[in-house]
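*Asks:* What follows is a single structure, and I will ask about it in a moment.
The values are calculated or read from the model by the stated rules, or taken from the named source; none is laboratory data. Please read these numbers as outputs of a predicted model, since none were measured by experiment. Glycine gets a Cβ as well: all are built from the backbone with ideal geometry, and neighbour counts include every protein chain shown. Each accessible area value is taken on the protein alone, full model and side chains, heavy atoms only, with ligands, DNA and RNA left out. Shrake-Rupley method; radii C 1.70, N 1.55, O 1.52, S 1.80 Å.
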Amino acid sequence: MIEVSALNKHFGANHVLRDCSLAIDAGEVVTLLGASGCGKTTLLRCIAGFETPQQGRVTLAGEDVTTLPPNRRDVGFVFQNYALFPHMTVAENVGYGLSVRRADRKTMESSVAEALDMVSLTGFEDRFPKSLSGGQQQRVALARALVLHPKVLLMDEAFNALDAKLRGAMQIELRKIVKRVGLTAVCVTHDQDEALTISDRIAVMSEGRIEQFASPQTIYDSPTTAFVADFIGAANVLPRKAADRFVADDQGWANDVQSIVVRPENFNLTPQVVPGAVPGRVDFVRLTGPDMAYEIALDGGPSVRALIDRHDHIQLDVGDQVYVSVRDKDGCKPVLGAL
Ligand SMILES: Nc1ncnc2c1ncn2[C@@H]1O[C@H](COP(=O)(O)OP(=O)(O)OP(=O)(O)O)[C@@H](O)[C@H]1O
Ligand SMILES: [Mg+2]
């Protein structure tokens, strides 16, 4: 449905997108995830038509749209700040795109009603934006994009203005709506939890490049680079030499592998010495809710983070001697690069 091929975008001397390529299937929800300034918005704006790349191609449903303006592409765009018109009612806001296209009154009313139904705001037609909660305003902005039945929905940090709890609820709601309507969606976020919640696939970006494009499970379980491992979830990115202490005969890791990733839940802690375990000392203990999170300073370094299910009933305090081993050697993943 969306194909981005070898896109390069410069703003003056600033090379903002570097050979970005993505192929997104119809009905997929994809997020562009990365730190501030890595080029997420610029890539989204190239797909929407608000920016034109110097090199590369964008195709939508097989049509080359690289140089077409936004209104000639079949895309709906939801901006970071919703940009609702304050002097217009909810119905007028949602119907705005249709009135620009000179739709007749009947089409307009039924389409607006349908779009408001999709976002569960039936009955809010005559309200004004300022009388709505943040989450409701967010859904009006979504309805305004959905009313035009775009092939593709593009959203730029659309949940930023919401508090944490509402934000979590809206993420689930968005995914349900997009799946029900059968849209193809590309969302920008710098929030890894949001990416894990809404996406079929995540494109992790760094300095204008796409580092990895894969499902949330693959990104979490098999990151390809140290950067991706560190960006998604909590990770111990260990120098190869340090990891050798846990995985005695290295698993046939390739020569160019520099680091080994061990997720905190893959470490096991015991107060007594066990064969193959590495001794260390508890540096910090924190309750996360279901788990206890430990920082362990290994004898001879480095420090690692371990997450232990509270049902395991391990009692360890700061300063205690502890022995660290890995539960699953296959869960120790070789990656390129170092931190
Ligand atoms: N119109 C522009 N003119 C000049 N430079 C720009 C323009 N738009 C973006 N940039 C630059 O391009 C780089 C990437 O910006 P972009 O907005 O794509 O980042 P982002 O990943 O969306 O960041 P954030 O998470 O902060 O929104 C930044 O260095 C930014 O300053
Ligand atoms: Mg941005």
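*Asks:* In debye to the nearest 20, how big a dipole does the stretch 238-335 give about its Cα centre with +1 on each Lys and Arg Cβ and -1 on each Asp and Glu Cβ?
*Replies:* Taking the Cα centre of the stretch 238-335 as origin, the dipole is about 140 debye.
*Asks:* Also: Place the peptides 303-310, 56-63 in order of packing, highest mean first, counting for every residue the other Cβ atoms within 10 Å and averaging per peptide.
*Replies:* 303-310, 56-63
*Asks:* Measure off, as a whole percent, the carbon and sulfur share of the 1.4 Å-probe accessible area of the stretch 102-233, all protein chains present.
*Replies:* Carbon-and-sulfur percentage of accessible area, whole number: 50.
*Asks:* May I pose another question? In a GNM of the chain with a 10 Å cut-off on Cα contacts, which of THR288, THR218, THR270 has the highest mean-square fluctuation?
*Replies:* THR288
*Asks:* Helix 90-100 versus the longest principal axis of the chain: what is the Cα-based angle in degrees, 0 to 90, to the nearest 10?
*Replies:* With rounding to tens, the tilt is 70 degrees.
*Asks:* So how many Å³ per residue does the convex hull of the Cα atoms of the stretch 238-335 work out to?
*Replies:* Numbers: hull volume 9.0 nm³, N = 98.
Convex hull of Cα atoms, per residue: 92 Å³.
*Asks:* Please calculate the 1.4 Å probe accessible area of ILE210, with all protein chains present, and give it to the nearest 10 Å².
*Replies:* Here the accessible area works out near 40 Å².
*Asks:* Looking only at the chain, where both bridge partners belong to it, what percent of the DSSP beta bridges are antiparallel (to the nearest 5)?
*Replies:* Antiparallel bridges: around 70 percent, rounded to the nearest 5.
*Asks:* Relative contact order, percent, of the stretch 72-199 when contacts are C-alpha pairs under 8 Å separated by at least 6 residues?
*Replies:* In percent, rounded to a whole number, it is 33.
*Asks:* Quick one: compute the contact order of the chain, relative version, from alpha carbon pairs under 8 angstrom and 6+ residues apart, as a percent. Don't skip to the answer; put the middle values down first.
*Replies:* Numbers: 685 pairs, mean separation 56.6, N = 339.
Result for the chain is 17 percent.
*Asks:* Related question: Could you check how much of the accessible area of the stretch 238-335 is carbon and sulfur, as a whole percent, using a 1.4 Å probe? If you can, show how the numbers build up before the last one.
*Replies:* On the way: 2640 of 5330 Å².
For the stretch 238-335, the apolar C and S fraction of the accessible surface comes to 50 percent.
*Asks:* Let me ask you something else. Plugging the Kirkwood radius over Cα pairs into Stokes-Einstein for the chain, at a temperature of 10 °C and a viscosity of 1.306 mPa s, what D comes out in µm²/s?
*Replies:* Once the numbers are plugged in, D ends up at 71 µm²/s.
*Asks:* Suppose all protein chains stay in the model; what accessible area per residue would a 1.4 Å probe give for the chain, in Å²? Before the final figure, lay out each step's value.
*Replies:* Values: 16140 Å² over 339 residues.
Ligands and nucleic acids excluded, the figure is 48 Å² per residue.
*Asks:* Select from the stretch 61-111 those trypsin sites (Lys or Arg not before Pro) which occupy a DSSP coil region and have at most 13 other Cβ atoms within 10 Å, ordered by residue number.
*Replies:* Here the sparse-neighbourhood loop sites are ARG101, ARG102.
*Asks:* Would you please put 198-204, 145-151, 237-243 in order of how densely packed they are, using the mean number of other Cβ atoms within 10 angstrom per residue and starting with the highest?
*Replies:* 198-204, 145-151, 237-243
*Asks:* Out of all DSSP beta bridges with both ends in the stretch 96-254, state the antiparallel percent to the nearest 5.
*Replies:* Details: 5 of 10 bridges.
Within the stretch 96-254, antiparallel bridges account for around 50 percent of the total.
*Asks:* Over the stretch 238-335, what relative contact order in percent results from Cα pairs under 8 Å that are six or more residues apart?
*Replies:* The normalised contact order for the stretch 238-335 reaches 37 percent.
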